[in-house]
Amino acid sequence: MSSPTVLLSCFSDDQRRKMTALVEKLGGRVIQSLHYDQRCTHVVVGAISSTEKLLAGAIAGKWVVKPDYVECSYKARKWLEAEKFVLETVGSGNEKKLSEVPSRWRRFRLQNGNRGPFRSWKVLLALPDSDKVRYRRLLQAGGACVVTDKPPYIWAESISDRLTHIFTNRDLFKTVLSIHRKGVPCIHPDYVKDYIIQRDHPDTRKYRANTYVHPAKKPTSSGCRKITSYMLQKCSNPNMPTKSLSVRNPNRVQLTNNCNNKVVVLDCHQRSCDPHQQSCDPNSSIVIDLTPDDLSPHPPSEGVTSTPSSEQNTTSQTPHVDHLSIASHSPSDCV
């Protein structure tokens, strides 16, 4: 059996060094990359999370395996069959869905002559550059042809009869409006991720770029009650640990609350945490869009600012999370 070329996803620095050493001692190779690399043969995941590496590896039909694959192979002094170490269906909700993704797409590849599910797609990406490169890798892993063009997309419009999808967002929708009017669907890129994760193909009509709103950004009354509940708990129990979310833009902070000199900062636009969180756990992140009725009519107490203190500030400590990640918690380099 030939030695694998491995991508590591969701490992701490120490775990990554250990895994790399074991792979190399067995004659394998580890690609040190924060992103998916098509040269890999195996993706070893330390935790189940919707990272680019896991999703692209799955859609490309790569072996997506547990760390046991490397550790047991090292003990056996030879590379074992990867099939024995694929992700098992575990947990519930998102975790269960994600654990089933690699096996499902690997079966699809085997049943379709190793052709990817996006092989008939000819796609234009009208997105910010940082998003564009990520989605290009993901789409190409699934066999899509991605058209290279820049605004005002003159060349793309000239071949509009051959385009099957335009992936864009509400802010950039106008830049491709003329192509859309020729019958090319304009879809939010979240569709790609959900297409890979969900068992049934999502309805493109729910992802129309000019109207789509990410679920995490939709205001919900239940979410507002959770925030109120958390604040009351905090005020009644000063010893409760303070959770300050990362403040990207202090001007967007909608609400502060001072409880015995402990400040709770709520950032309505924090991303990369679980929008379906059901508890008021102060150690968990909260994502919510507040309505005007939920805003405090009073400014913070004197001496209290909307920027977390050095003790509370989590901006520098916030773990790097893959752009595509929907997990509520990830290791420090979960990419």
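Per-structure values
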| item | result |
| --- | --- |
| Check on Lys84, open to solvent by 30 Å² or more (accessible area, probe 1.4 Å), basic (Lys, Arg) and within 22 Å of the chain's Cα centre (by Cα) | no |
| Filter pass, Gly28 being touching a Pro at 6+ places or on another chain (Cβ under 7 Å), surrounded by 13 or more Cβ atoms within 10 Å (Cβ to Cβ) and modelled with pLDDT of 95 or more | yes |
| Qualifying positions in segment 42-80 - buried (at least 16 other Cβ atoms within 10 Å of the Cβ), farther than 18 Å from Phe11 by Cβ and either of a type outside the set (A, V, I, L, M) or touching a Leu at 6+ places or on another chain (Cβ under 6 Å) (or both) | Gly61, Trp79 |
| Matching residues, segment 148-166, being surrounded by 17 or more Cβ atoms within 10 Å (Cβ to Cβ) and among the aliphatic types (A, V, I, L, M) | Ala156, Leu163, Ile166 |
| Count of residues meeting criterion [among the aliphatic types (A, V, I, L, M) and touching a strand residue (DSSP E or B) at 6+ places or on another chain (Cβ under 8 Å)] in segment 65-93 | 5 |
| Check on Ser9, touching a helix residue (DSSP H, G or I) at 6+ places or on another chain (Cβ under 8 Å), of a type in the set (Ser, Thr, Tyr) and modelled with pLDDT of 95 or more | yes |
| The one condition in (1) under 30 Å from Met1 (Cβ atoms); (2) part of a loop (DSSP other than H, G, I, E, B) that Val101 fails to fulfil | (2) |
| Strands (runs of 3 or more DSSP E) contained entirely in segment 105-168, each with at least 1 residues that are in contact (Cβ under 8 Å) with a residue 40 or more places away in the chain and in contact with a strand residue (DSSP E or B) (Cβ under 6 Å, 6 or more places away or on another chain) | 122-126, 165-168 |
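The values are calculated or read from the model by the stated rules, or taken from the named source; none is laboratory data. These figures come from a predicted structure and were not determined experimentally. Note: ideal-geometry Cβ built from the backbone for every residue, glycine included; neighbour counts use all protein chains shown. Only protein heavy atoms, including side chains, enter the accessible area calculation; ligands, DNA and RNA are left aside. Shrake-Rupley method; radii C 1.70, N 1.55, O 1.52, S 1.80 Å.
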